[in-house]
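Before any comments, here is the structure.
Derivation of every value follows stated rules applied to the coordinates shown; laboratory data play no part. Bear in mind that the values here come from a model prediction, so they are computed numbers and not experimental data. Counting neighbours? That spans all protein chains shown, and the Cβs are built from the backbone with ideal geometry, glycine included.
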Amino acid sequence: MSEISFINTNAIELKLNDKEICRYLNMRACDGALCELIDGCKKEVAGIASPKAVFAKVSVKALNEKLSLGFGDVCSKKLAKNLCGCGEAFVFCATLGQEVDRLINKYSKIEPSRAIVLDSVATAMIEEFCDYVNDILGENRSLRPRFSCGYGDFDIKHQAEILDFLDAKKRIGVYLLDSYMMTPFKTVTAIVGIAK
Amino acid sequence: MDLLTQILSKYVFFDGAMGTELQRYGIKPGESSESWNIKNPEIITKIHRAYFEAGANIATANTFGANPLKLDNYEEVIFSAIENAKRAISAPEQYVALDIGPTGKLLAPLGDLDFEDAVSAFACTVKAGTEAGADLILIETMSDPYEMKAAVLAAKENSTLPIFATFVLDENGKTVTGCDISAMVALLEGLGVSAIGVNCSLGAEQLMEFIPELVASSSLPIIVNPNAGLPAIINGKTFYKQTPAEFGEYMEKIAGMGARCLGGCCGTTPEHIKEVVSRLKGKQPLAIEKKSRTVVSSYAKACVFENKAVLIGERINPTGKPKLKAALRENDIDYLIKEALAQEENGANMLDVNVGLPEIDEKSVLCQAVKEIQAVSTLPLQIDTSNVDALEASLRIYNGKPLVNSVNGKEESMRAVFPIVKKYGGAVIALTLDENGIPSTAPQRAEIARRIIEKASEYGIEKKDIIVDPLCLTVSSDKDAPSVTLEAIRIIKSELGVKTSLGISNVSFGLPARDYVNSVFFSHALLCGLDAVILNPFSNEMKKAYFAHNALAGIDEGCISYIEYASAFASDSASVAASNQTLDGAIIKGLKKEAKELATSLIKEKKPLEIVNEHIIPALDTVGKRYEEGKIFLPQLLMSAETATVAFEVIKEALKANDRSSKGDIILATVKGDIHDIGKNIVKVILQNYGFTVHDLGKDVSPEKILEYAKANQIKLIGLSALMTTTVSSMEKTIKLFKESGYAAKFVVGGAVLTPEYAEMIGADKYAKDAMDTVRYAQEILN
């Protein structure tokens with residue numbers, strides 16, 4: 001038996017790495033005015049982000065390249081390789097919430113420099129939150145690296161099945177557009193194999 | 001006794017889950033529960049009967065997802081579902097609800113479903129359900145207030161059945177779209193539903209925390225239909241663990257808090273409902289208290305007219321504002337957005353939106369302005385127009401409960417405005433003038449207010465939704481004008497018991513240093529109990545009066561707001577420019593405040609064009625070059641570009657129109673299916689800085705719209721942006737459509753997943769790796 005479990009945390013608790021933020025901005029390092037801007041953006045995103053995740057444990061049944069994962073069947077060599085030897089896996093969806101999208105949209109209209117820094121800060125935050133979720137999932141067990149749909153040959157169309165399976169729309173407000181884009185924008189779904 | 005009478009005098013019980021029961025009868029994971037209405041009608045009836053036997057009054061028909069967006073045979077499904085439920089009725093006080101769940105899609109602007117498409121989809125369900133004989137409409141499990149509004153409107157427009165509406169809260173007491181309880185209540189009460197409440201998502205235990213706020217903010221019967229605890233999955237099926245006894249215990253507590261209609265959602269069974277009914281049957285529920293709060297709302301939060309006066313920003317109104325007029329004529333909605341956000345930043349609680357200009361299509365521009373402002377601001381809006389069509393169209397697409405500006409005592413005005421306010425659930429500003437003009441005495445103005453309130457009630461609009469503006473005339477032409485207005489505020493408040501609002505600035509017309517007069521008059525009006533003011537949020541004199549008044553009147557606990565305002569005010573007025581800074585240097589470093597001051601002082605010494613050619617352009621060139629050499633990065637490039645814009649703004653007024661002619665026109669659009677346009681907006685700022693005229697068509701733009709716009713404006717360069725591989729196909733379609741039409745244009749494309757090869761494959765003329773690359777290409781093509 002597995003539950004659809006829920007994780008949330010206060011965004012302020014997520015410690016963001018400035019180097020990562022600079023990397024998303026395609027920069028090696030930052031100086032004066034830019035550091036100030038990044039600091040301001042970190043505070044602003046932390047003030048409105050609402051990190052939430054849902055996850056469930058599923059059994060992994062592999063037949064050649066076809067994997068049966070609880071939410072549906074997936075044909076993906078890369079994912080099969082990633083999950084090789086795993087009897088079970090976690091499926092999760094993590095998001096920072098719609099207010100982050102609204103904030104970035106707002107600044108992209110009035111101050112694009114701030115918008116792209118906010119965007120990079122939010123990217124760093126969702127990654128950090130995924131790590132946070134990973135740490136909780138990985139307590140007392142060893143996990144494989146996260147694998148998301150859209151990576152390699154893992155078809156992005158499985159996004160719909162994953163979100164339905166986790167009831168992500170109702171529980172954490174994650175919607176899928178016709179173009180398979182998720183909103184809120186800072187949302188990640190992933191499969192994490194549990195190593196035996 | 002009919003349902004609506006019953007609900008006023010005693011508890012009404014909803015049924016529990018349908019899905020959970022269907023699992024018991026063997027529905028397979030992934031199988032649509034609605035299909036069982038036709039496949040296994042007798043099982044559906046049996047489930048409804050079990051709930052009625054458990055004591056439920058309302059059977060929720062199995063139509064949750066029966067809308068044309070999800071099911072092709074939705075009509076057939078609805079007819080059989082209602083019939084299946086009706087067959088289960090065996091006693092009085094048993095009813096069948098047409099169940100309407102969300103479409104499953106997110107509405108624009110954050111999602112890709114158009115508001116009117118949502119209304120149409122819900123309308124199909126409502127029509128079928130009403131015709132099939134449902135007794136009421138239950139709109140449930142909504143988490144987006146905008147989708148909720150679409151569903152309620154569809155119900156109101158296509159049926160006369162009572163509407164019950166419930167929404168989903170998360171553990172923070174908001175919907176996942178960020179709407180709080182008060183805002184959702186304001187919206188639903190405004191739209192005139194019969195009962196409201198919460199369902200699903202959380203169990204009764206978790207929901208309990210939010211019931212007091214729900215009861216305190218609403219005058220309607222409250223519905224609570226929680227899940228049986230939190231879910232678990234066993235062999236791919238979802239299960240809920242709470243026992244009927246536990247569930248019943250929590251529900252009894254919830255009833256004790258003032259909830260009136262009780263039932264269950266996911267995981268609840270007839271046993272759960274039976275437990276709730278047996279604990280409450282025969283008991284007298286708490287009385288439903290009528291609230292008289294005046295409240296309006298945005299998609300996220302409510303603005304309540306109580307204690308502190310509500311500050312309504314007046315800056316989005318073209319009267320006397322040439323820049324705004326020009327922006328409206330050029331359809332430069334971004335200018336309005338900037339005005340909106342600057343007012344929000346400067347402490348406005350609401351924004352007045354008036355786009356009335358004779359030469360524009362007010363209806364379409366007003367709707368566009370409302371949508372775009374609501375996409376970025378959480379403030380409720382005051383919709384300000386005398387064009388009835390524009391008013392109706394904008395109230396319809398408004399996300400929340402709007403404030404309408406305005407109605408007056410003329411019969412014609414009331415006849416036109418009240419039906420619209422009632423239908424779309426707004427509050428309205430009532431001006432105390434009528435066919436005979438503005439009366440000269442306060443009692444006469446109060447008399448008009450009384451007549452307006454009386455007339456409004458004939459349309460079903462309550463007194464709490466009327467905010468009277470007793471009007472203020474110019475003191476320089478009539479020395480008694482201000483005291484008449486103040487007296488009118490007092491009478492209207494004490495005798496009629498309604499809220500008041502005032503546009504202050506008219507009082508000082510014709511006088512020098514008007515802000516001084518305005519702010520003192522404002523203080524006087526506040527002392528008379530004024531509840532809202534339409535003002536310029538950038539006026540420090542008005543803000544000083546406001547914060548000082550609140551502190552003195554004892555409505556600013558610990559004078560905290562005053563202290564915060566005063567300290568920000570002090571630090572703002574200090575000069576920021578360092579003595580040895582140059583304008584070029586400020587632009588290169590991206591220092592906006594400094595650039596503004598330096599440009600302001602430079603303009604005293606140099607001609608505007610000299611400043612542009614000798615300082616701004618060279619600085620931008622330096623920055624552009626450094627960026628291309630990899631010495632600085634995108635945020636710095638943008639900071640410099642924004643700083644240059646600030647400097648341009650300062651000297652713009654001094655520049656003659658043809659001094660800085662456009663380098664050429666370019667269309668920018670984020671393609672169909674793609675709703676993230678940050679990349680496009682970056683390119684736009686840089687292109688503008690280099691002197692190009694950018695026609696920004698926005699995001700999720702169809703190929704047809706781009707072609708139509710290009711043709712109409714004869715634009716030969718088009719920039720397209722896409723983020724996902726799935727939306728690059730829209731790019732390809734757009735280019736193809738142009739080629740088929742024979743309209744010659746160049747395409748420059750960019751976006752995260754594009755490569756030069758990919759760009760070539762879809763027929764683009766140029767792949768631009770970043771904003772500077774686009775500028776260089778535009779220079780090559782257009783110069």
How big is the antiparallel share of DSSP beta bridges in chain B, given as a percent to the nearest 5? 10
The stretch B:295-534: antiparallel bridges as % of DSSP beta bridges, rounded to 5, reads 15
In nm, to one decimal, how far is the modelled label at residue B:338 from the one at residue A:24, with both set 7 Å along Cα→Cβ? 2.7
Between residue B:46 and residue B:283, what FRET efficiency comes out of the Förster formula 1/(1 + (r/R0)^6) with R0 = 25 Å and r the beta carbon distance, rounded to 0.05? 0.25
Quick one: helix B:634-652 against the long Cα principal axis of chain B, what's the angle to the nearest 10°, folded into 0 to 90? 60
Which distance in nm do the two modelled labels at residue B:621 and residue B:513 give, with both placed 7 Å along the Cα-to-Cβ direction? 4.8
Local electrostatic count, residue B:318, Cβ distance below 10 Å [Lys/Arg +1, Asp/Glu -1]: +4
What number results when the radius of gyration of the stretch B:583-657, computed over Cα atoms, is divided by 2.2 N^0.38 Å? 1.05
Peptides B:469-480, A:166-177: what's the order by average Cβ count within 10 Å, highest mean first? A:166-177, B:469-480
Residue B:25 versus residue A:9: modelled label distance in nm, points set 7 Å from Cα along the beta carbon direction: 4.5
Give me the net charge for the shell around residue B:51: Cβ to Cβ below 12 angstrom, other residues only, Lys and Arg +1, Asp and Glu -1. -1
Using only Cα atoms, tell me the angle between helix B:725-741 and the longest principal axis of chain B; keep it within 0 to 90° and round to the nearest 10. 60
Could you grab the relative contact order for the stretch B:124-194? Cα pairs under 8 Å, six or more apart, rounded to a whole percent. 35
Could you compute how fast the stretch B:43-193 diffuses translationally, taking Rh as the Kirkwood radius over C-alpha pairs and applying Stokes-Einstein at 4 °C with viscosity 1.567 mPa s? Give it in µm² per second. 83
Can you pull out the trypsin sites (Lys or Arg not before Pro) in the stretch B:584-654 whose DSSP state is coil and whose Cβ has at most 12 other Cβ atoms within 10 Å? B:631
Considering every pair of different Cα atoms, what Kirkwood radius, in Å, is found for the protein assembly as shown? 30.6
Averaged over B:98-110, how many beta carbons belonging to a partner chain fall within 10 Å of each residue's beta carbon? 3
Loop-only check: which GluC sites (Glu not before Pro) in the stretch B:270-311 are DSSP coil with at most 16 other Cβ within 10 angstrom? B:289, B:306
Could you check what % of the DSSP bridge pairs in the protein assembly as shown are antiparallel, to the nearest 5? 40
Take peptide A:94-100, look around each residue's Cβ out to 10 angstrom, count Cβ atoms belonging to other protein chains, and average those counts. 3
Which ordering of B:761, B:542, B:257 is given by a fewest-first count of other beta-carbon atoms within 10 Å? B:761, B:257, B:542
Can you give me the relative contact order of chain B as a percent, contacts being Cα pairs under 8 Å and 6 or more apart? 7
If you take the alpha carbon radius of gyration of the stretch B:622-728 and divide it by 2.2 N^0.38 Å, what ratio comes out, to two decimals? 1.20
Please compute the Kirkwood hydrodynamic radius over the stretch B:295-534, one decimal place, Å, based on all pairs of different Cα atoms. 18.0
The stretch B:435-522: GluC sites (Glu not before Pro) in DSSP coil with no more than 12 other Cβ atoms inside 10 Å: B:435
Angle between the Cα long axis of helix B:442-458 and the longest principal axis of chain B, 0 to 90 degrees, nearest 10? 50
Can you pull a Stokes-Einstein diffusion coefficient for the stretch A:69-143 at 20 °C (1.002 mPa s), Rh from Kirkwood over Cα pairs, as a whole number of µm²/s? 141
Place a point 7 Å from the Cα of residue B:653 in the direction of its beta carbon; the residues of the stretch B:492-510 whose amide N falls under 15 Å from it are none
Relative counts (whole %) of C-alpha pair distances in chain A, using bins that are 10 Å wide: 9, 34, 33, 18, 5, 0
Between rounded, prolate and oblate, where does the stretch B:662-782 land on the alpha carbon gyration tensor, with a ≥ b ≥ c its root eigenvalues, rounded for a/c under 1.5, else prolate if a/b exceeds b/c? rounded
If each Cα of the stretch B:352-480 is one equal point scatterer, what is log10 of I(q)/I(0) from the Debye formula at q = 0.15, 0.16, 0.20 Å⁻¹? -0.72, -0.81, -1.10
Please work out how much length the chain gains when fully extended from residue B:359 to residue B:769, using 0.36 nm per residue of separation minus the C-alpha to C-alpha distance, in nm with one decimal. 143.6 nm
With only helices counted (DSSP H, runs n ≥ 4, each -39500 (n - 2.57)), the per-residue ellipticity at 222 nm for chain A, to the nearest 500, works out to -13000 deg cm²/dmol
Could you work out [θ]222 nm for chain B from helices alone, using -39500 (n - 2.57) per DSSP H run of at least four and dividing by all its residues? Round to the nearest 500 deg cm²/dmol. -14000 deg cm²/dmol
In the neighbourhood of residue B:359 defined by beta carbon distances under 15 Å, the net charge of the other residues (Lys, Arg +1; Asp, Glu -1) is -1
Can you give the three extents of the C-alpha atoms in chain B along their principal axes, from longest to shortest, in whole Å? 90, 76, 48
Cα-Cα P(r), the stretch B:3-280, percent of pairs per 5 Å interval: 1, 6, 14, 18, 21, 19, 14, 6, 1, 0
